[in-house]
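The values are calculated or read from the model by the stated rules, or taken from the named source; none is laboratory data. Given the structure is predicted, the values throughout are model-derived calculations rather than measurements. Cβ placement follows ideal geometry from the backbone for every residue including glycine, while neighbour counts extend to all protein chains displayed. The area values use the complete protein model at the heavy-atom level, side chains included, leaving out ligands, DNA and RNA. Shrake-Rupley method; radii C 1.70, N 1.55, O 1.52, S 1.80 Å.
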Amino acid sequence: MAHLTDENAPEQTPSVRPAGAGPFAEPTVPVGRGWLTGFVLANFGMQIAMQSPSTFLIPQQIAAIDPGGKVTAYAWASALGAVAGLIAAPVAGALSDRTASRYGRRRPWMAWGAVATIAVLVGMGVADQVWEVSLGALLLSVTICALGAGLNTVVPDRVPVAQRGRVLGWAAVPAAAGLALGGVLVGLVPGNLAGYLMLAASLLLVFPFARSTPDPQLREQDRRPFSRRLLLDGWRIDPRRNPDFAWALATRFIMFLGYGLGTLYIPYFLTDVVHHKNDLLLVVAINAGAVVSVAVVAGRISDRIGLRRPLVSIGSVVMAVPAVMLALWPTWTMTLVSAVLLGVGFGVYVGVDLALVTQVLPSDTDHARDLAVAGQMSTLPYVLVPVLAAVIIHSLGGYSSLYLASALASLIGAALVWRIRSVR
């Protein structure tokens, strides 16, 4: 962050758009360290609350309730959350784009999304039936989408293109380290309720940023009604009119499908294959450390050299390597090595990918909706992953076949990104 100036910290930030241009003009003034620090901390709060339940608490709850049917039950809980997010994210995004409150378009969604997520996490802490846990996963997905409709969109709203790799590289730090930190928080306290309360407390990091970040109100002439047609149009991606956005969506979908196949069942892989069920946090921490170590660097390099596609492709290829290693040598030592390599590849990928996506958004006036659609390409695969993984594990060769499928998806993603033409 040392390379960013403090001249436009939130308390004294000048307008990032030309005077009179309204809220939709391209930002031109770089954001400062104060703004970036608040943005990263808010992302830590969101990522901890979003990622940690599905890795640490939900599998544990379901295994305690139904040990024999845990794989299928966890698949249903994960799929319900993914489907809910698939619907909620574009709706929340379209509404955020049209929010005409005196507090701006994004800040109300950050604040109230965080409040609603805290309430859901507390409720999940007292769940003692599989259906209650599944309902909690569904509601958590919805409230996180509401929060994201405000927080995720501030980058194209406020950050110039030439700075987005750096900013989103820093945003990849909580995306990676948030899971490990969430595991630490959960491990500090006994019981599910206390664990969920610790995750809920992390969302307090959102409120200072929501309060302080500049968020201009919609002018009267910029206000537009929300309509069902508008929402449906957001999903009707015409490859002929927006080919690069369509290819960016396809690349994200296949990449996160591969990543999900390789990571979603790690808790059960450690228990059933390598017999290190108490070392999940160690694997997560090693992986997160590798992601963090390269994501910011990758984002800065992409800004400096003006290239996004080669780095996305390189990261995707590197992600395939540890999946093949686990498929061929499913040992504890190889699990640790794979955690490092997967983190390096994923760090390069996430440090650059979203910056690329922000450069191919099809609409200047619907950033939140379009980013929600792009975001769902990292969520939609999780509708398929539990079903595919359960079938592969039970009927198509077990965990080795699962990891080979993960590697294949990553390699396909490495090829698809080259179909994008307007971004180097």
Which one of these is in contact (Cβ under 8 Å) with a residue 24 or more places away in the chain and open to solvent by less than 20 Å² (accessible area, probe 1.4 Å): Leu281, Leu261?
Leu261
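Filtering segment 359-386 down to residues that are in a loop (DSSP other than H, G, I, E, B) and among the hydrophobic types (A, V, I, L, M, F, W, C), which residue is most open to solvent (accessible area, probe 1.4 Å)? Don't jump to the end; show me each part of the working.
Filtering segment 359-386 down to residues in a loop (DSSP other than H, G, I, E, B) leaves 359-366, 377-380.
Right, trim to among the hydrophobic types (A, V, I, L, M, F, W, C) and you get 360-361, 377, 380.
Details: Val360: 14, Leu361: 28, Met377: 19, Leu380: 44 Å².
In this case the residue turns out to be Leu380.
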If we keep only residues of segment 301-313 that are under 20 Å from the mean Cα position of the chain (by Cα) and under 28 Å from Leu336 (Cβ atoms), then the residue surrounded by the fewest Cβ atoms within 10 Å (Cβ to Cβ) is Ser313
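Out of Ala194, Ala162, which single residue is open to solvent by 20 Å² or more (accessible area, probe 1.4 Å), over 13 Å from Val284 (Cα atoms), at pLDDT 90 or above and more than 14 Å from the chain's Cα centre (by Cα)? Lay out the reasoning, then the answer.
Numbers: Ala162 fails: at pLDDT 90 or above.
On inspection, the qualifying residue turns out to be Ala194.
Could you tell me whether Ala176 is under 22 Å from Arg33 (Cα atoms), within 16 Å of the chain's Cα centre (by Cα), open to solvent by less than 10 Å² (accessible area, probe 1.4 Å) and at pLDDT below 90? So that I can check it myself, show each step before the final result.
Values: under 22 Å from Arg33 (Cα atoms): yes; within 16 Å of the chain's Cα centre (by Cα): yes; open to solvent by less than 10 Å² (accessible area, probe 1.4 Å): no; at pLDDT below 90: yes.
Answer is no for this residue.
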Please indicate, with yes or no, whether at least one residue in segment 117-125 is in contact (Cβ under 8 Å) with a residue 12 or more places away in the chain, more than 25 Å from Leu193 (Cβ to Cβ), open to solvent by 40 Å² or more (accessible area, probe 1.4 Å) and part of a helix (DSSP H, G or I).
no
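Hey, among the residues in segment 314-338 that are open to solvent by 60 Å² or more (accessible area, probe 1.4 Å) and part of a helix (DSSP H, G or I), which one's nearest to Gly351 (Cα to Cα)? Walk me through it before giving the result.
As a first pass, look at segment 314-338 and keep what is open to solvent by 60 Å² or more (accessible area, probe 1.4 Å): 314, 317, 321, 328-329, 331, 333, 337.
Those still in the list that are part of a helix (DSSP H, G or I) too: 314, 317, 321, 328, 333, 337.
Details: Ile314: 12, Val317: 15, Val321: 19, Leu328: 29, Thr333: 27, Val337: 21 Å.
Per the criteria, the residue is Ile314.
Could you list, in sequence order, the residues of segment 78-95 that are under 17 Å from Leu139 (Cβ atoms) and either among the charged types (D, E, K, R) or surrounded by fewer than 24 Cβ atoms within 10 Å (Cβ to Cβ) (or both)?
If we filter segment 78-95 for residues that are under 17 Å from Leu139 (Cβ atoms), which is where we start, we get 78-89, 91-92.
The answer is Ala79, Leu80, Ala82, Val83, Ala84, Leu86, Ile87, Ala88, Val91.
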Considering residues that are of a type in the set (Gly, Ala, Ser) and over 15 Å from Gly343 (Cα atoms), the number found within segment 314-328 is 1
